[in-house]
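Laboratory data are not the source of any read-out in this text; all were calculated from the coordinates shown. Note that the structure is a prediction, hence the values are computed from the model and not measured. As a convention, Cβ positions derive from the backbone with ideal geometry for all residues, glycine included, and neighbour counts pool all protein chains shown.
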Amino acid sequence: MKFQLAVNLERMDASADMMAVRDHTLDMVRMAEQGGFSTVWAAEHHALEMTIAPNPFQILTWWAEHTSTIRLGTAVATAAYWHPINLAGEAAFLDLISDGRLEFGIGSGAYQREFDRMRPGLKQSDAWQYMQEMLPAVRALWQGDYAHDGEFWQFPTSTSCPKPLQSQVPVWVAARSPITFDYALREKCHVMSWPLTRGFDEAEKYKQQLDEAVAKADNGFRPTFAMMRHAAVYETAGDRQKALDAIRLVLGQFENLFRNSGDVADGFPKQIPLDQLEGREQYDPAMLEENLLFGSPEEVIEKLKRYEALGVDEFIYYASMGLDHDTQKRSMELFCDKVIPAFQ
């Protein structure tokens, strides 16, 4: 099993210094490269302080200048917010300046709040159609002259300038539903899945959907399957409690965004009290510790072995969860020093 890092520029409230957030994020990327991670992912989100990522390619260009071997991925570029020529060129330029380290992740998008601002009138549940039209167009532009007459975009003969350095850029699709797994395999894409805070049976469901999509596509393509979980490795009771408190804070803000409640002030979603929610058992600390990649190094190794046995090729360590910077770094150090060696 290999390991990937998802990390955001993250502010949970206005007291967080933006320059400290900037420096910490780059420190985590450098630690990941030195510790043996294969890939680091940058997201795309808009007008939200908890995930500051207005352009993932700009973030990855910054990281590229401070690293040399770790691969650089978008997790994910939101198709509906881009024009195919623009997206193809941005991605190809990153591949060029990073000496061919691009991992191109594309997806449908997460929050209706963002669609209301970036693509007014589009329902988040319909955005998969934009992704499915976008990807073939981007790949065609990377190859040379191409004209497009689709449902969402139309343009005369054009090409990507520059072209990617890699002859075949690895493409990833974020998938949780059968329709997206099927599309990924038809298009010969690698797959990343995120079970949120749900149990291991959710991961098993995704693997089953992947296997069914592979059989249905029957095209000889063997995708890399990556699984993402929030991660915190700790050896003290204090760090354990910090991790559980932090993830519950983040989940309260996620609930606000998923409900599109509109309670966002200056980029900060209002915290929804978890004990007031229906289904609040899914936020129980014991459940979170069991389902997420939380625990001592030994406990985390055992959890990862279970994912490895399931058929997960690469595990995405999701570092951003409202945890203070020092505790995040202690977790990363423990993971690199005590967890990764068990899989080498």
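Odds and ends about this structure:
- Taking the chain as a Gaussian network of alpha-carbon nodes connected by springs under 10 Å, the highest mean-square fluctuation of the residues T224, T157, T39 belongs to T157.
- Counting only alpha carbon atoms, the long axis of helix 325-334 and the longest principal axis of the chain meet at about 90°.
- Amide H contacts under 5 Å for V40, placed H, 5+ residues apart: L5, R71, L72, G73
- Per-residue Karplus couplings for the stretch 138-143, computed as 6.51 cos²θ - 1.76 cosθ + 1.60 with θ equal to phi - 60°, are listed in order as 4, 4, 5, 5, 5, 7 Hz, Gly and Pro entered as x.
- Taking amide hydrogens as placed 1.01 Å from N in the peptide plane, the amide H of H45 sits under 5 Å from those of A53, each at least 5 positions away in sequence or on another chain.
- Counting only DSSP beta bridges whose two residues both lie in the chain, roughly 20 percent are antiparallel.
- For the chain, the longest principal axis of the alpha carbon atoms and the long axis of helix 84-97 meet at an angle near 70°.
- Of the peptides 252-260, 235-243, 14-22, the ranking by mean beta-carbon count within 10 Å, highest at the top, reads 252-260, 235-243, 14-22.
- Backbone phi angles across the stretch 263-272, fed through the Karplus curve with coefficients 6.51, -1.76 and 1.60 (θ = phi - 60°), yield HN-Hα couplings of 8, 10, 10, 6, x, 9, x, 5, 6, 8 Hz in residue order; Gly and Pro are listed as x.
- Amide H partners (placed H, <5 Å) of R229, local residues excluded: I316, Y318
- Restricting the stretch 103-146 to trypsin sites (Lys or Arg not before Pro) that sit in a DSSP loop and have at most 13 other Cβ atoms within 10 Å of their own Cβ leaves K123.
- Taken over the Cα atoms of the chain, the convex hull encloses 135 Å³ per residue.
- The string of couplings for the stretch 284-290 from the Karplus curve (6.51, -1.76, 1.60, θ = phi - 60°) is 4, x, 5, 5, 4, 5, 6 Hz, one whole number per residue in order, with x for Gly and Pro.
- Cross-link reach list, lysines versus K188, counting only Cα pairs under 19 Å and skipping chain neighbours closer than eight places: K207, K216
- In summary, the convex hull built on the alpha carbon positions of the stretch 37-186 has an orientation-averaged projected area of 9.1 nm².
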